[in-house]
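Let me begin by presenting the structure, written as structure tokens, before commenting on it.
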Amino acid sequence: MARPQTLTVGMPRALLYHRYAVLWQTYFDALGIATVVSEETNREIAEGGIAAATDEMCLSLKVYLGHVAALIGKCDRIFIPRIVDFGIRRVMCTTFEGLPDIAANIFRDRHIDILSCNISVQGGIDEKAGMVQMGRELGYSKKEAKRAYKRALVAQRAADEAAAAAAEHLYQSRGLKIAVGAHAYVMDDDYYGRPVLDYLSEMGVTAIPAYAVDRREARKVTKRLSPTMKWEVSREIAGSLAMHLDDVDGIILMSVYPCALDSMVNDMLVRKFRDSGVPMMHLTMDAQSGTAGLETRLESFIDILSMRRTGKAVKA
């Protein structure tokens, strides 16, 4: 394939973008490909995705579709990877396996041009092979694609290590600390998850993302919690929470409706951590209520944590 003279790739700011933004951005930059990223989630994007999606889809997927729609007409191709697994018992939610097909079907009347890469270690294509193959399909040499991936991997690892180190520092801070067990695309979504974190901050509480952790170590810990858990990101979050039970005053499990994976994993975590004495709260976001009514629940939870620590409730 001849290398395109000009190409702008759009990246939806949702789902795994929150996990791999540095990898993807650095990769395209290294190849000299221009990129455009959709805005932070807002009401228009959220409602656009909800209108385009089917009722059975989880809120995060609906939001993702809103971001895809927001990029149509602003780029030449939209980057939507297909990520299946990273090995045995290291699979991803099936949504990520079918994401390019879902988007293509939802927006079939708008004829979007999807750029994708396939990643499935059990299928014989690891992350490096998938990214290099995508580069070749864009018209770059194998050497150029490999060099771009190497640069991107170094940058992503540095970002991950920095995030984990920052989280470890927060675990050692003073005051009330809450570990938030949530996918980055839930916790860091500007429209649904971020208001919760902002409110906790206003209450003087340090909210620590469980996803920011030494991922390999967290997966090892989860193997002791549940030898059969197979979902990659869920294993990391569960292990992270287990590693820091003695460092926090409470845990908030934040998920979206209807996430089957989180419903099973969070139920297991409640049972596994029952004897730890660490209070836990479960927040579920849905398209209808959003963050409505959460402030009262958060205030009550924080009061409980404060009284356990000092015997006095904090004032809102």
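The values are calculated or read from the model by the stated rules, or taken from the named source; none is laboratory data. Model, not experiment: these values are computed from the prediction. Here Cβ is always computed from backbone atoms with ideal geometry, including for glycine, and neighbour counts include all displayed protein chains. Heavy atoms of the whole protein, side chains included, go into the accessibility calculation; ligands, DNA and RNA do not. Shrake-Rupley method; radii C 1.70, N 1.55, O 1.52, S 1.80 Å.
Quick notes
- Relative to the longest principal axis of the Cα atoms of the chain, helix 17-30 runs at roughly 30 degrees.
- For segment 8-157, the tally of Lys pairs with Cα-Cα distances below 25 Å comes to 6, considering only residues 8 or more apart or on different chains.
- In this label model, Arg274 and Thr6 are separated by 6.3 nm, measuring between points 7 Å along each Cα→Cβ vector.
- Annotation: peptides 219-228, 17-26, ranked by per-residue average of other Cβ atoms within 10 Å with the highest first, follow the order 17-26, 219-228.
- Note on Arg308 and Asn105: the extension gain reaches 67.9 nm, defined as 0.36 nm multiplied by sequence separation minus the Cα-Cα distance.
- Spatially near lysine pairs across segment 168-316, Cα under 28 Å, sequence gap of 8 or more or different chains: 9
- Annotation: the antiparallel percentage among DSSP beta bridges lying fully within the chain is about 5.
- Spin-label pair Lys142/Arg157, simplified geometry with 7 Å Cα→Cβ offset, distance in nm: 2.3 nm
- Angle between the chain longest axis and helix 215-225 axis [Cα atoms, degrees, rounded to 10]: 50 degrees
- When you filter the GluC sites (Glu not before Pro) in segment 27-112 for DSSP loop state and at most 10 other Cβ atoms inside 10 Å of their Cβ, you are left with Glu56.
- Using the Cβ-Cβ distance between Asp55 and Ser263 with R0 set to 22 Å, the FRET efficiency works out to roughly 0.80.
- Of Asp113, Asp262, Asp303, the residue with the largest accessible area leads and the full order is Asp113, Asp303, Asp262 (1.4 Å probe).
- Fraction of beta bridges assigned by DSSP in segment 76-230 that are antiparallel (%, nearest 5): 20 percent
- In plain terms, the chain from Glu168 to Asp113 could stretch by 15.7 nm, reckoned as 0.36 nm per residue minus the Cα-Cα distance.
- Within the listed set Met11, Met285, Met268, the Gaussian network model of the chain (springs between alpha-carbon atoms below 10 Å) gives the highest mean-square fluctuation for Met268.
- The angle separating the long axis of helix 294-310 from the principal Cα axis of greatest extent in the chain is about 50 degrees.
- Entry note, the chain: the mean residue ellipticity at 222 nm calculated from DSSP H runs of n ≥ 4, each adding -39500 (n - 2.57), is -16000 deg cm²/dmol after division by the residues and rounding to the nearest 500.
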